[in-house]
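Everything below concerns the one structure shown next.
Where a number appears in this text, it was derived from the coordinates with a stated rule and is not lab data. These numbers were taken from a predicted model, which means no experiment stands behind them. Virtual Cβ from ideal backbone geometry, glycine too; neighbours counted across all protein chains shown.
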Amino acid sequence: MPKKSTASGPVPARHAVILAGGSGTRLWPLSRNLFPKQLLALNGEETLLQQTVRRVLTAFEPENVWVVTNEEHVFEVRSQLRSLNPALDSRVLAEPLARNTLPAILLALDRIVPQQGEGQEAGMQSLVAVFPSDHLVQDLDGFGGSLEQALGLAGRGLVVTFGVLPRKPETGYGYIARGQRLEEGGFEVESFIEKPQLDKALEFLKSGRHYWNSGVFVFRAREFLSAVAVHAPQLWSWWSERGESPLTAGYGALPNLSVDYGIAEKIKNIAVVEARFDWDDLGNWEAIYRLGKKDEQGNVIQGDVLAMDCKDCLLISKGGKLAVVGLTGMITIQTRDATLTCPLTDVQRVKEVVALLKSQGSQLVESHMTVKRPWGSYSVLEEGQHYKIKRIEVLSGARLSLQMHHHRSEHWVVVSGTALVEIDGIERLLVENQAVDIAKATTHRLANPGKVPLEIIEIQSGPYLEEDDIVRFDDVYGRVKQENS
């Protein structure tokens with residue numbers, strides 16, 4: 001789409017950056033590291049990420065939308081975005097590992113601002129809006145009006161954020177204290193405040209001059225990068241002095257730094273625009289309950305749930321029958337491998353549960369029993385000390401990597417579809433009820449040459465059955481880490 005021109009020159013390009021790398025620990029057990037909350041459909045048919053992208057596309061061209069996510073989630077993110085607009089498939093950027101919001105924004109700015117050449121100055125003039133991927137916005141007209149106001153202020157050299165008028169004394173959000181009103185609209189930012197205690201949150205609610213921090217930032221690339229150079233010199237050196245190296249090189253050595261702490265809290269040229277739209281951060285189970293459709297007893301129920309004499313509860317089952325009796329003001333979230341129960345007033349403590357499970361080495365924080373992969377998915381059906389049984393589904397035309405295991409042997413049984421199996425360079429076709437054995441230290445590959453999904457049962461046996469026992473020789477998806485294929 002060609003840029004329009006004015007008497008003062010071309011109109012700056014407008015880019016949107018969507019940050020989709022969070023883990024969503026407060027929504028465990030539905031949200032896991034390998035399938036976090038932004039990839040879940042928590043309040044309708046579309047996932048939180050899809051809702052965010054659809055909203056952003058009302059104001060930005062698809063070729064100017066960038067989604068930054070973790071390397072583990074790239075294929076699922078691309079799949080979700082393709083259903084909205086195929087052009088978005090090439091706009092997904094992968095972080096090698098999570099390094100918070102400031103490095104993620106710089107990863108996207110690398111595509112917006114060329115390091116050198118004729119396009120560098122135009123890139124520096126670009127207006128950039130950064131959005132979290134897990135927020136709920138219901139008034140698109142109000143969203144568009146606030147965004148245009150913020151873009152106008154950004155064009156004058158300000159870094160702008162959206163402030164949401166608080167509806168209650170929320171202790172789970174950060175706050176923004178506003179200062180003097182600006183002639184161009186909006187307000188100066190007096191200060192950013194971390195998540196407060198309840199007494200402070202009550203003060204903020206009554207003051208009329210404090211906002212919830214929405215996490216949205218709008219700026220011109222030039223001013224933002226200048227702020228990075230001054231206030232985050234290590235990140236600036238990584239971004240600006242890498243030469244011919246890809247930007248992801250050295251990513252693991254970067255500091256874990258948020259845009260709020262690294263830039264917004266330190267600069268003077270920052271403003272806040274009051275959000276003229278309904279906004280919610282779907283960050284915990286209380287928010288899911290508050291926004292959910294309630295029955296006559298005030299319960300929000302999803303899935304196969306039998307509720308007797310329950311009132312004002314959030315009850316969700318994603319695996320099996322959930323039967324609850326006599327609960328009031330409680331949440332119970334059930335998946336196939338974990339169940340969480342706590343009072344609605346204690347939902348902020350779910351992250352403590354996740355931290356404790358992680359300290360115990362539990363895989364329950366990492367993945368569900370069904371794990372999605374670019375070629376399909378696998379589900380762990382049962383496991384013991386020296387065995388593991390999986391159901392594997394391979395999509396039509398897909399194939400796994402050529403690989404080998406040091407410590408386990410595998411036995412594959414085709415349940416449905418056609419399997420193309422390669423063992424030590426020899427290929428053979430298997431159909432329903434046929435089986436094959438894969439000895440340890442043997443190179444092998446599984447593919448689906450058919451038109452329908454391939455389903456197999458895999459029985460692993462050996463002294464070590466974890467997913468890092470893979471030596472990968474060839475992979476059509478470009479993955480370099482050792483993981484389940």
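Before moving on, here are some points about what is shown:
- Per-residue ellipticity at 222 nm from helix content only, as computed over the chain with -39500 (n - 2.57) for each DSSP H run of at least four residues, stands at -6000 deg cm²/dmol.
- Summarising the strand pairing of the stretch 5-281, around 55 percent of its internal DSSP beta bridges are antiparallel.
- Its residue count N fixes a reference of 2.2 N^0.38 Å for the stretch 285-346, and the Cα radius of gyration divided by that reference is 0.98.
- Here is the tail figure for the stretch 370-474: Cα pairs spaced more than 24 Å apart come to 14 percent of all pairs.
- The stretch 370-474, relative contact order in percent, only Cα pairs under 8 angstrom and at least six apart counted: 36 percent
- Looking at the chain, the DSSP beta bridges with both ends there are about 70 percent antiparallel.
- Straight-line reach from Lys358: taking Cα to Cα under 25 Å and skipping same-chain neighbours fewer than 8 places apart, the lysines in range are Lys37, Lys195, Lys318, Lys372, Lys388, Lys390, Lys481.
- Cα-based helix-to-principal-axis angle, 198-207 vs the chain, degrees rounded to 10: 40 degrees
- Nearest 10 degrees, 0 to 90: helix 350-359 Cα axis against the chain principal axis: 50 degrees
- Between the stretch 180-214 and the stretch 397-466, the Cα center-to-center distance that results, in Å: 58 Å
- Maximal additional length on extending the Lys451-Val230 stretch stands at 74.0 nm, based on 0.36 nm per residue less the C-alpha distance.
- Taking a straight Cα-Cα cut-off under 21 Å and skipping sequence neighbours fewer than 8 places away in the same chain, the lysines within cross-link reach of Lys200 are Lys168.
- 0 to 90° range, to nearest 10: angle between helix 221-231 axis and the chain longest Cα axis: 90 degrees
- FRET efficiency, Leu205 to Ser359 (Cβ-Cβ, R0 30 Å, nearest 0.05): 0.25
- Among 269-278, 140-149, sorting by the average number of other beta carbon atoms lying within 10 angstrom of each residue, highest first, gives 269-278, 140-149.
- In the stretch 1-100, the inverse of the mean reciprocal separation of distinct Cα atoms equals 14.6 Å; this is its Kirkwood hydrodynamic radius.
- Simple label model, 7 Å out from Cα along Cβ direction - Ser409 to Thr345, nm: 5.9 nm
- The stretch 77-133 and the stretch 326-395 have Cα centres separated by 31 Å.
- In the stretch 301-398, the DSSP beta bridges split such that about 60 percent are antiparallel, to the nearest 5.
- For Asp437 and Ser377, the FRET efficiency from 1/(1 + (r/R0)^6), where r spans their Cβ atoms and R0 equals 22 Å, is about 0.40.
- Two-decimal Rg to Rh for the stretch 5-281 - Kirkwood Rh, Cα set: 0.94
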